[in-house]
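Take a look at the structure set out below.
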Amino acid sequence: PTRELGLQVATDIERAGRIKGVRVLAIYGGRAYEPQIDALIKGIDVVVGTPGRVIDLAQRRDLDLSHVRVLVLDEADEMLNMGFSEDIDWIFEHTPADRQVALFSATMPPEILRVARDHLIDPVEIRIQSATATVDTIDQQHCVVTRFHKADVLTRILELEPFDGMLVFTRTKFGANNVAEFLTKNGINAMALHGNKSQAARTQALAGFKSGDIRALVATDIAARGIDIDDLPHVVNYEIPNVPEDYVHRIGRTGRAGASGEAVNLVCMDEEGFMQEIERFTKQRIDCLLYTSPSP
């Protein structure tokens, strides 16, 4: 679904297949066609692509899908959330009927089941972990704040705590920009990460975050799917997701591989219902950290 995830997957495949000489190419929008076409002409074993660019190159006859032996849909639920349903159908229809298909999805909404029903033959379903599971090593807390005080509270948390790196989630690209700008104006180096950013800006933001130059990375759910950071100690939900599964995926960015992590939720009055749904879904009580009321 995203450029970052495509690059991450391509890098991992290239590393795993290096001994066998596996040739891998990531194709995605926002970059010139020519380098990608030149690589395809020379010969590629594995193409990792976003749906739009895959279809563009196939329709230009620069990418031949007629010999595809394995088709993998990764983060299928996010691709459908981003409106790629027709693109996915098109790709299925233009690849051989006898290819093997693997579909990976964090959730199984009705549209995913529709794709499986329409395009998969006698599929075997494998569930790795319950969608309601949250990692025990993540300390989850919430702050009850007014909507107008959220930015101040987030700034105060970053000022008081020696956080090396914090991933902050917002619902929208506009919100991510506003939060990043507010933090920067208050002396905290922050950058926004979302689909409207150029590839160069997104690469720069991730590199700066990994190196420690950027203390806070403010991202939307979709952009964060492509973030691959081994040691991420802190996640903040600046805006609470209205889908409990999204909350599980957000905080799952920390506390990985047995490491400890912390997830802080900034909850205003109209989000308290979302927080209660999350507690019911995860079967966990999320402690209240502090209460901030508006000034008289």
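Would you check which residues across the range 14-45 are in contact with a Lys or Arg (Cβ under 7 Å, 6 or more places away or on another chain) and of a type outside the set (F, W, Y) and list them? Correct list: I27, G29, G30, G43, I44, D45. Of the residues examined, R3 is not one that is crowded, with 16+ Cβ neighbours inside 10 Å, free of Cβ contacts under 8 Å to residues at least 40 places away in the same chain and under 22 Å from the mean Cα position of the chain (by Cα).
In the set (1) modelled with pLDDT of 80 or more; (2) open to solvent by less than 30 Å² (accessible area, probe 1.4 Å), P123 fails one condition alone, (2). Contact annotation: residue pairs with Cβ atoms under 7 Å, 6 or more positions apart or on different chains, pairing a residue in the range 197-212 that is surrounded by 14 or more Cβ atoms within 10 Å (Cβ to Cβ) with a partner that is of a type in the set (G, A, S), are Q199/G30; F209/G165.
Find the residue count for the range 6-55, including only residues that are farther than 22 Å from S85 by Cβ, among the aliphatic types (A, V, I, L, M) and either without any contact (Cβ under 8 Å) to a residue 24 or more places away in the chain or not in a loop (DSSP other than H, G, I, E, B) (or both). Outline the logic, then answer.
Step one: of the range 6-55, the residues farther than 22 Å from S85 by Cβ are 7-8, 10-26, 31-46.
From the residues that got through so far, the ones that are among the aliphatic types (A, V, I, L, M) too are 7, 10, 13, 16, 19, 22, 24-26, 32, 37, 39-41, 44, 46.
The next check asks that each one be either without any contact (Cβ under 8 Å) to a residue 24 or more places away in the chain or not in a loop (DSSP other than H, G, I, E, B) (or both); those that pass are 7, 10, 13, 16, 19, 24-26, 32, 37, 39-41, 44, 46.
Qualifying residue count for the region: 15.
Among the residues of the range 56-75, those identified as within 18 Å of G6 (Cα to Cα), not acidic (D, E) and not in a loop (DSSP other than H, G, I, E, B) are L57, A58, V70, L71, V72, L73. Reported count of residues in the range 54-83, each being under 16 Å from D221 (Cα atoms), open to solvent by 40 Å² or more (accessible area, probe 1.4 Å) and not aliphatic (A, V, I, L, M), is 3.
The values are calculated or read from the model by the stated rules, or taken from the named source; none is laboratory data. Note that the structure is predicted; figures quoted are calculated from it, not measured. Counting neighbours? That spans all protein chains shown, and the Cβs are built from the backbone with ideal geometry, glycine included. The protein model used for the area step is the full one, side chains on, heavy atoms only, and it has no ligands, DNA or RNA in it. Shrake-Rupley method; radii C 1.70, N 1.55, O 1.52, S 1.80 Å.
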